[in-house]
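Here's the structure, in structure tokens; my notes come after.
The values are calculated or read from the model by the stated rules, or taken from the named source; none is laboratory data. Everything numeric here is computed off the predicted structure, so don't read it as measured data. When we count neighbours, we look across all protein chains shown, and the Cβ atoms used for this are built from the backbone with ideal geometry, even at glycine. Accessible surface is based on the protein model in full, side chains and every heavy atom, while ligands, DNA and RNA are left aside. Shrake-Rupley method; radii C 1.70, N 1.55, O 1.52, S 1.80 Å.
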Amino acid sequence: MSIVKAVFAVGNDAYDEDFAFGYQQGLPWGHCKEDLQKFKAETENSVLIMGANTFTSLPGKLPGRIHCVLSGSGSFLKTKKGDVADYVIHGGGLSAAIGTMQATHPDKNVCVIGGKGLLLDSINNKLVDEIVVTHVYGHRVYNAPAFKCDVSLTANEFYDAVLSYEYSDFETIYIHDNERVSKLVIDRYIKKV
């Protein structure tokens, strides 16, 4: 039986209480191969549900995954490479989109991957069975944030959302060859029964 997951990453910073979430239509920490590999492993062979801004920020469609975009505007959406989504849903909300994707692809997991509003909606309304969040830690920089961001997730928003889930486990990956990222901590939460 397939499950519904929220899969996303946030930047942890020693000098900021909020979590960096996005920067100029991309990731605040830039390219980090270990982060991208973990994301691929979590979302492989699944249906990805995302908002329009998340989809248009992708370099192209992610191989081996079905792309479903929720868009209120109904505009024609493309990735940076010009790919179009497999599904574009106008209206009905996230819950309806999840139900439609589960019915259409019953053998695949459904992963909500962003933006911030969809992720919080999926978690706060208990639409996901599992939360997989990667905390990206930057190298400490004296009196300066490790990551620039123009979209952040406040600590209160994050912890209030995951409070209704049960902490399951974590994995730590130390990064040695990235000038911006020092480690990843992948936390996993499951829906309380």
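Odds and ends about this structure:
- Residue 173 meets each of the listed conditions (1) more than 16 Å from residue 8 (Cβ to Cβ); (2) assigned to a strand (DSSP E or B); (3) open to solvent by 70 Å² or more (accessible area, probe 1.4 Å) apart from (3).
- Number of residues in region 116-149 that are in a strand (DSSP E or B), β-branched (Val, Ile, Thr) and crowded, with 17+ Cβ neighbours inside 10 Å: the value is 5.
- Comparison of 117, 64 shows that the only residue that is small (Gly, Ala, Ser) and closer than 19 Å to residue 36 by Cβ is 64.
- Filtered residue count, region 128-149, keeping only those that are within 17 Å of residue 17 (Cβ to Cβ) and at pLDDT below 90: 10
- A residue that is at pLDDT 95 or above, open to solvent by less than 70 Å² (accessible area, probe 1.4 Å) and over 30 Å from residue 154 (Cα atoms) occurs somewhere in region 107-115.
- Residues of region 155-165 that are in a helix (DSSP H, G or I), over 23 Å from residue 26 (Cβ atoms) and open to solvent by 40 Å² or more (accessible area, probe 1.4 Å): 156, 159, 160.
- Qualifying position, being assigned to a strand (DSSP E or B), open to solvent by less than 50 Å² (accessible area, probe 1.4 Å) and over 20 Å from residue 115 (Cα atoms), among 152, 168, 182: 182
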